[in-house]
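Engineer: Let me give you the structure first, and then I'll get to my questions.
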Amino acid sequence: MTKSSDVTNQYDVIVVGFGLAGAAAAIEAADRGARVLVLDSAYGGGASALSGGVVYAGGGTRYQTEAGYEDSPENLYTYLKQEVGDAVEDATLRRFCDESPGMIPWLEQQGVTFGSSVAPYKTSYPTDEYYLYFSGNEKSHPYRLTAAPAPRGHRAKAKGLASGRVLWTHLADSALRKGVTFIPIAKVTDLIVDEGVVTGVKYRVLEQSHPDAARHRKMTKRTAKIGNWMPDLVKGTTEKIARLWRDGSVEREARASAVVLSAGGFIYNKEWVKEHAPGFTKISPLGTPHDDGSGIQLGMNAGGTTAKMGNVTAWRFLSPPSAFIEGVTVGVNGRRIANEDLYGATHGNVLMREFGGKGWAVYDADNWKKARGQYWTQTQIFHKLLATYTFTVGHKRARTLEALAAKMGVDPSRMGQTISAYNAGIASDAGDPAHKQADVCHPVAQAPFYAVNISDDSSPFSPIPGLTLGGLVVDGDSGLVKREDESTVQGLYAAGRNAVGVCSNSYISGFSLADCIFSGRRAATHATTHIPDTDRTLSA
């Protein structure tokens, strides 16, 4: 990927942050004739490029149809209304659902490829045989009661964990081909406001001609992926990266008739997490060190208001192997946490908010053996690392449930009652008391018994990763940042995890990336309708 040179400081649209939301905004604005500048604190990609590259899309996409599934925007809306709640206005959610079938073709126009092979088992992320899967709660209770289940997790085609990088790279390259100017290692420090209207940005940049620029890039690339899952392992290096930028950067500014903030969430801002979501301070931050809330702060400095700041998604995936869904999860009081076939972040939310982040998953001998047999067929490399830990030192084992409860530190009487009720339910017509799907129910009855700690502080080898979902409140039609009095900050937009969006109440795989594309394009569409005709002529 090449970068354009900054030949002027005057643009139509300035995009702050070059993840998926920023790339989508840049492409849409460029397609509409705008002169676009993108500034990024690093080299672009952000959390999007480190993600699984899954886009949540439905309503009847080509790949759903090829796989033999019927879906419609109305069916998609009926399901998502349960996930979204009051995060956005109903009209915004309906717009998202109506536009959803066209999201995949738009991505294909940028060079992204997808597939229609559906994963036949429950998983948090499919192997390279499959590129379409049930990536949320579509088949789980109570969601399945009101909407027909359909697979909507469209994974960008790539090997292993490269889907996120490939997805973002296609969009970034498309933006540059369209004439977008991209300046990396450029951190926006302030917005320029003239008579209440945002008209530009001030930023500090480590220019590519600086002697430390190559070293900065090399260190950033080397620590990106491992820092996404285990940031403490590369803490020293990330501090050196920040110091290189701080010592070598210079001040610059640029002007435009619209600024789009798309600089990510704030999971790396420990003070903000402690303030807004104190129960989530032990989870592992998922993203990059630049997910520090700086973009949100810029919007607040301009008068914008925030919401949903306490909403943090915490991912405690039980599968793969898919057999791990068939056991029973309990808190330290022995009470059932939730039906285990829920999406990992949904189950994790109950674990964190109702059980203080402390819990266990319990299995019997038959179930344990089945899970071990799925080790090679259902897992990507990072799944294998977690499963290897689980199957070796990361579990408790006992001949009786009572003895197992003692090792777990769980109330043995209550846990016994919970498991007895589970076994009795699936042995009768009543079914699982927690309404788990029948095909993933397995009695916990055959000794020896096993327990896996699923707590937020269980082990550095089995972390609960997560990210923030709240941010700046935006107008549902335009993406303009709103003040507390409901008025909008003219010239200032927010997208992706800088803003409150469709996934700000509930996260499912691919939903945030889909929101990034939706909200980025929405902001750019509105911003370019206000470009003076003379500017359009100059950029044509």
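The values are calculated or read from the model by the stated rules, or taken from the named source; none is laboratory data. Values in this document were obtained by computation on a predicted structure and should not be read as measured data. Here Cβ is always computed from backbone atoms with ideal geometry, including for glycine, and neighbour counts include all displayed protein chains. Protein only, heavy atoms only, side chains kept; ligands, DNA and RNA dropped before computing areas. Shrake-Rupley method; radii C 1.70, N 1.55, O 1.52, S 1.80 Å.
Engineer: Please give every one of the aspartates and glutamates within straight-line cross-link reach of LYS358, meaning a C-alpha to C-alpha distance under 12 Å, and leave out same-chain neighbours fewer than 8 residues apart.
Structural biologist: ASP456, ASP457
Engineer: Taking Cα atoms, how many degrees apart are the long axis of helix 20-31 and the longest axis of the chain, rounded to 10 and kept between 0 and 90?
Structural biologist: With rounding to tens, the tilt is 40 degrees.
Engineer: Follow-up. Less than 15 Å Cβ to Cβ from ASN453, Lys/Arg counted +1 and Asp/Glu -1: what total charge do the surrounding residues give?
Structural biologist: +4
Engineer: On a 0 to 90 degree scale, rounded to 10, what angle separates helix 235-248 from the longest Cα axis of the chain?
Structural biologist: The two axes meet at around 0 degrees.
Engineer: What order, most packed first, do the peptides 164-174, 95-105, 370-380 have when packing is the mean number of other Cβ atoms within 10 Å of each residue?
Structural biologist: 164-174, 95-105, 370-380
Engineer: A further question follows. With N set to the residue count of the range 63-177, report its C-alpha Rg divided by 2.2 N^0.38 Å to two decimal places.
Structural biologist: Working it through for the range 63-177, the quotient is 1.12.
Engineer: Over 21 Å between C-alpha atoms is what I'm after, so list which of LYS159/LYS384; LYS187/LYS240; LYS240/LYS282; LYS157/LYS187; LYS308/LYS482 land there.
Structural biologist: LYS240/LYS282; LYS157/LYS187
Engineer: I want the antiparallel fraction of DSSP beta bridges within the chain, as a percent rounded to 5.
Structural biologist: 65 percent
Engineer: Which one, TRP106, THR189, PRO149, projects farthest toward the positive side of the charge dipole computed for the range 102-212 from Cβ point charges (K/R +1, D/E -1)?
Structural biologist: PRO149
Engineer: Along the charge dipole of the chain, pointing to its positive end and built from +1/-1 on Cβ of Lys, Arg, Asp and Glu, which listed residue (LEU176, TYR11, GLY491) has its Cα farthest out?
Structural biologist: Checked the options; the winner is LEU176.
Engineer: Between SER413 and ASP247, what is the label-to-label distance in nm when each label sits 7 Å out along the Cα-to-Cβ direction?
Structural biologist: 6.4 nm
Engineer: Calculate the FRET efficiency for PHE382 and ASP86 from the Cβ-Cβ distance with a Förster distance of 25 Å, rounded to the nearest 0.05. Walk me through the intermediate numbers first.
Structural biologist: Numbers: r = 34 Å, r/R0 = 1.36.
The pair PHE382/ASP86 has a calculated efficiency of 0.15.
Engineer: Could you check how many percent of all C-alpha pairs in the range 408-540 are farther apart than 24 Å?
Structural biologist: Values: 5257 of 8778 pairs.
That tail contains 60 percent of the Cα-Cα pairs.
Engineer: Could you give the size of the charge dipole of the chain about its Cα centre, using +1 on the Cβ of each K and R and -1 on the Cβ of each D and E, expressed in debye and rounded to the nearest 20?
Structural biologist: Once rounded to the nearest 20, the dipole reads 1940 debye.
Engineer: Give me the one-decimal nm value for the distance between modelled label points at GLU271 and LYS369, 7 Å along each residue's Cα-to-Cβ direction.
Structural biologist: Result: 5.7 nm between the two label points.
Engineer: Something else now. Excluding ligands, DNA and RNA, what is the solvent-accessible area per residue of the chain at a probe of 1.4 Å, expressed in Å²?
Structural biologist: Accessible surface, normalised per residue, equals 39 Å².
Engineer: Please compute the net charge surrounding TYR375, taking Lys and Arg as +1 and Asp and Glu as -1 over other residues with Cβ under 12 Å from its Cβ.
Structural biologist: Net local charge, TYR375 excluded: +4.
Engineer: Under unit Cβ charges (Lys, Arg +1; Asp, Glu -1), what dipole magnitude, rounded to 20 debye, does the range 427-487 have relative to its Cα centre?
Structural biologist: The calculated dipole for the range 427-487 is roughly 280 debye.
Engineer: Need one number for the chain: average projected area of the convex hull over its C-alpha atoms, nm².
Structural biologist: The number I arrive at for the chain is 23.8 nm².
Engineer: With Cβ to Cβ distances under 11 Å as the rule, what net charge do the other residues near VAL444 carry (K, R +1; D, E -1)?
Structural biologist: -3
Engineer: Can I ask one more? Give me the number: length gained by fully extending GLU207 to THR400, i.e. 0.36 nm times residue separation minus the C-alpha to C-alpha distance, one decimal in nm.
Structural biologist: Values: separation 193, 0.36 × 193 = 69.48 nm, distance 6.42 nm.
Residue separation times 0.36 nm, minus the Cα-Cα distance, leaves 63.1 nm.
Engineer: Distance between the C-alpha centers of the range 99-133 and the range 422-453? Whole Å please.
Structural biologist: 32 Å
Engineer: If you plug each phi of the range 490-506 into the Karplus form 6.51 cos²θ - 1.76 cosθ + 1.60 with θ = phi - 60°, what whole-Hz ³J(HN,Hα) values come out, in order, with x for Gly and Pro?
Structural biologist: 5, x, 10, 10, 9, 8, x, 7, 6, 10, 6, x, 4, 9, 6, 9, 8
Engineer: Could you give the dipole magnitude of the range 56-146 about its Cα centre, charging the beta-carbon of Lys and Arg +1 and that of Asp and Glu -1, in debye to the nearest 20?
Structural biologist: Working: 7 positive and 14 negative charges, 41 e Å.
For this selection, approximately 200 debye.
Engineer: Under the Karplus relation 6.51 cos²θ - 1.76 cosθ + 1.60, θ = phi - 60°, what is the ordered set of whole-Hz ³J(HN,Hα) values for the range 146-158, x standing for Gly and Pro?
Structural biologist: For the range 146-158, the Karplus-derived couplings read 10, 9, 5, x, 8, x, 10, x, 9, 8, 4, 5, 5 Hz, x marking Gly and Pro.
Engineer: With n ≥ 4 as the cut-off for DSSP H runs, can you work out [θ] at 222 nm for the chain, using -39500 (n - 2.57) per run divided by the number of residues, rounded to the nearest 500?
Structural biologist: -11000 deg cm²/dmol
Engineer: Tell me, how many Å apart are the Cα centres for the range 8-49 and for the range 306-349?
Structural biologist: Each part's Cα centre sits 35 Å from the other's.
Engineer: Binning at 10 angstrom from zero up to the longest distance, how are the C-alpha pair distances of the range 376-429 distributed in percent?
Structural biologist: 20, 31, 31, 18
Engineer: Based on the Cβ-Cβ distance of ASP190 and SER459, what FRET efficiency does E = 1/(1 + (r/R0)^6) give at R0 = 45 Å, to the nearest 0.05?
Structural biologist: Plugging the Cβ-Cβ distance into 1/(1 + (r/R0)^6) gives 0.60.
Engineer: For the chain, with all protein chains present and a 1.4 Å probe, just round the carbon and sulfur fraction of the accessible area to a whole percent.
Structural biologist: 52 percent
Engineer: Cα gyration tensor of the range 345-413, axes a ≥ b ≥ c as square roots of the eigenvalues: rounded (a/c below 1.5), prolate (a/b > b/c) or oblate?
Structural biologist: Oblate, since a/c reaches 1.5 and b/c is not below a/b.
Engineer: Among VAL54, ALA403, ALA361, pick out the residue whose Cα is farthest towards the positive end of the charge dipole of the chain, where Lys and Arg carry +1 and Asp and Glu carry -1 on C-beta, about the Cα centre.
Structural biologist: Of VAL54, ALA403, ALA361, it is ALA403.
Engineer: Could you give the angle, 0 to 90 degrees to the nearest 10, between helix 90-109's Cα long axis and the longest principal axis of the Cα atoms of the chain?
Structural biologist: On a 0 to 90 degree scale, this one is about 80.
Engineer: Same structure again: Got a number for the accessible area of PHE280? Probe 1.4 Å, square angstrom, nearest 10.
Structural biologist: Only protein atoms counted, so the area is about 10 Å².
Engineer: Reachable aspartates and glutamates from LYS81, Cα under 16 Å, same-chain residues fewer than 8 places away excluded?
Structural biologist: The qualifying aspartates and glutamates are ASP71, GLU89, ASP90, ASP98, GLU99, GLU138, ASP515.
Engineer: Just order 302-310, 520-528, 456-464, 490-498 by mean Cβ neighbour count inside 10 Å, highest at the front, would you?
Structural biologist: In descending order of packing, they fall as 490-498, 520-528, 302-310, 456-464.
Engineer: Here is a follow-up. How far apart, in nm, are two points set 7 Å out from the Cα along the Cα-to-Cβ line at ASP98 and at THR65?
Structural biologist: 2.0 nm
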